[in-house]
Ligand SMILES: [Zn+2]
């Protein structure tokens, strides 16, 4: 759901260094395969904006084993390549580009290595994502219409496509999300792709839960600072402060969507003031007793002894 530049690497040099780190017979086999793999790298680049259109290539079982082993077999060269890729694509803030929710922890093969083993160590095919997104994406998304946004090659618009609607009801606060373009210039195909992405990675449930937490955090922050009801200006200032704290978050982050929606939520001010009124207050400090009375009581106790 975010655009980021593809890793800038000499992908053929990566292949050579990893395959040279293998033992025979895989090393020998990979050397024989190199011209074919390089040709496939070129095909990948040509199809990068519509990778679902890239046909699979049939490989022998032995070739497939050697190609997949480039990623699964642990060598110094492989580790150096993967570390280099992760360092280059690690975004700030450090958020999975598929969900914009969790920390990335693993590399997803955009075209799955089970179907495209020749791209198992191709930097442009490796996306640093969170484990839940990696699991949910799996091997399923290789046919048209594609279900997952490619953060390197799909051009995402500068305006938000993810929107939140925050409703205050008798039961509390409810947050719903939707995907839509407010700018008519945004191609319908991108909006449709984003909707499929949102559904395929089942982001609604996560966003619903986390969106409620965003509202709850903000309300708790306000009620800890205010003892008496606030006005709309004070509420807007609190929302703007939170927005400034999150200015580094990507444009389609659920956090940004929720905070923007709060400014337009008609019942939110009343909800916040109800919470301020209901917030427990610290017990009132007991007034100091009169010092003279304390002294007199102490003297009386001493005289009684
Ligand atoms: Zn994710």
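The values are calculated or read from the model by the stated rules, or taken from the named source; none is laboratory data. Bear in mind that the values here come from a model prediction, so they are computed numbers and not experimental data. Note that each Cβ is placed from the backbone with ideal geometry, even for glycine, and that neighbours are counted across all protein chains shown.
Looking at the range 60-75 only, could you name the residues that are more than 33 Å from the chain's Cα centre (by Cα) and loosely packed, with under 14 Cβ neighbours inside 10 Å?
60, 61, 62 - these are the residues of the range 60-75 that are more than 33 Å from the chain's Cα centre (by Cα) and loosely packed, with under 14 Cβ neighbours inside 10 Å.
Test of understanding: among 9, 29, 34, which residue is assigned to a loop (DSSP other than H, G, I, E, B) and farther than 30 Å from residue 163 by Cα? Even if it seems obvious, please write down each step before you answer.
Values: 29 fails: assigned to a loop (DSSP other than H, G, I, E, B); 34 fails: assigned to a loop (DSSP other than H, G, I, E, B).
That would be 9, the only listed residue that is assigned to a loop (DSSP other than H, G, I, E, B) and farther than 30 Å from residue 163 by Cα.
Only one of (1) within 16 Å of the ligand (Cβ to nearest atom); (2) farther than 30 Å from residue 16 by Cα; (3) touching a strand residue (DSSP E or B) at 6+ places or on another chain (Cβ under 8 Å) fails for residue 201. Which number is that?
Residue 201 satisfies every listed condition except (3).
Go through (1) more than 29 Å from the chain's Cα centre (by Cα); (2) surrounded by 19 or more Cβ atoms within 10 Å (Cβ to Cβ) and name the single condition residue 85 misses.
(1)
Here are some residues: 78, 57, 31, 40. Which one is surrounded by 14 or more Cβ atoms within 10 Å (Cβ to Cβ), away from the ligand (no atom under 16 Å from the Cβ) and within 21 Å of residue 154 (Cα to Cα)?
Values: 78 fails: within 21 Å of residue 154 (Cα to Cα); 57 fails: within 21 Å of residue 154 (Cα to Cα); 31 fails: within 21 Å of residue 154 (Cα to Cα).
Selected residue: 40, the only one of 78, 57, 31, 40 that is surrounded by 14 or more Cβ atoms within 10 Å (Cβ to Cβ), away from the ligand (no atom under 16 Å from the Cβ) and within 21 Å of residue 154 (Cα to Cα).
Could you list all residues from the range 104-126 that are in contact (Cβ under 8 Å) with a residue 40 or more places away in the chain and within 16 Å of the ligand (Cβ to nearest atom)?
The answer is 110, 126.
Which is over 22 Å from the mean Cα position of the chain (by Cα) and in contact (Cβ under 8 Å) with a residue 12 or more places away in the chain, of 192, 183? Talk me through it step by step, then tell me what you get.
Values: 192 fails: over 22 Å from the mean Cα position of the chain (by Cα).
Unique residue meeting the criteria: 183.
Quick one: would you say residue 101 is within 16 Å of the ligand (Cβ to nearest atom) and within 23 Å of residue 214 (Cβ to Cβ)? Reasoning before the result, please.
Values: within 16 Å of the ligand (Cβ to nearest atom): yes; within 23 Å of residue 214 (Cβ to Cβ): yes.
So residue 101 passes the test.
For residue 148, indicate whether it is within 16 Å of the ligand (Cβ to nearest atom), in a strand (DSSP E or B) and crowded, with 20+ Cβ neighbours inside 10 Å.
Values: within 16 Å of the ligand (Cβ to nearest atom): yes; in a strand (DSSP E or B): no; crowded, with 20+ Cβ neighbours inside 10 Å: yes.
Here the answer is no, as residue 148 does not meet what is asked.
When residue 136 is evaluated against the numbered criteria (1) within 16 Å of the ligand (Cβ to nearest atom); (2) assigned to a loop (DSSP other than H, G, I, E, B); (3) in contact (Cβ under 8 Å) with a residue 60 or more places away in the chain, which criterion, by number, is the only one it fails?
(2)
Tell me, which residue of the range 155-169 that is away from the ligand (no atom under 16 Å from the Cβ) and not in a strand (DSSP E or B) is farthest from residue 209 (Cα to Cα)?
Going through the range 155-169, the residues away from the ligand (no atom under 16 Å from the Cβ) turn out to be 155, 157-161, 163-169.
Imposing the further condition that a residue be not in a strand (DSSP E or B) reduces the set to 155, 157-161.
Numbers: 155: 28, 157: 26, 158: 26, 159: 24, 160: 20, 161: 19 Å.
Of everything passing the filter in the range 155-169, 155 is farthest from residue 209 (Cα to Cα).
Criterion first (surrounded by 14 or more Cβ atoms within 10 Å (Cβ to Cβ), at pLDDT below 90 and away from the ligand (no atom under 16 Å from the Cβ)) does residue 176 satisfy it?
no
Mind listing just one residue for me: the one in the range 5-28 that is within 28 Å of the chain's Cα centre (by Cα) and surrounded by fewer than 15 Cβ atoms within 10 Å (Cβ to Cβ) and, of those, modelled with the highest pLDDT?
Selected residue: 10.
Please work out if residue 211 is more than 30 Å from residue 17 (Cα to Cα), modelled with pLDDT under 95 and part of a helix (DSSP H, G or I).
Numbers: more than 30 Å from residue 17 (Cα to Cα): yes; modelled with pLDDT under 95: yes; part of a helix (DSSP H, G or I): yes.
Spelling it out, residue 211 is indeed more than 30 Å from residue 17 (Cα to Cα), modelled with pLDDT under 95 and part of a helix (DSSP H, G or I).
Can you name every residue in the range 179-203 that is exposed (fewer than 14 other Cβ atoms within 10 Å of the Cβ) and not in a loop (DSSP other than H, G, I, E, B)? Walk me through it before giving the result.
So in the range 179-203, the residues exposed (fewer than 14 other Cβ atoms within 10 Å of the Cβ) come out as 180, 182-185, 187-189, 192, 199, 202.
188, 189, 192, 199, listed by residue number.
Mind listing just one residue for me: the one in the range 114-133 that is in contact with a helix residue (DSSP H, G or I) (Cβ under 7 Å, 6 or more places away or on another chain) and part of a loop (DSSP other than H, G, I, E, B) and, of those, surrounded by the fewest Cβ atoms within 10 Å (Cβ to Cβ)? Steps first, answer last, please.
Going residue by residue through the range 114-133, those that are in contact with a helix residue (DSSP H, G or I) (Cβ under 7 Å, 6 or more places away or on another chain) are 117-126, 128.
Right, trim to part of a loop (DSSP other than H, G, I, E, B) and you get 120-122.
On the way: 120: 23, 121: 27, 122: 27.
Filtering the range 114-133 for residues that are in contact with a helix residue (DSSP H, G or I) (Cβ under 7 Å, 6 or more places away or on another chain) and part of a loop (DSSP other than H, G, I, E, B), the one surrounded by the fewest Cβ atoms within 10 Å (Cβ to Cβ) comes out as 120.
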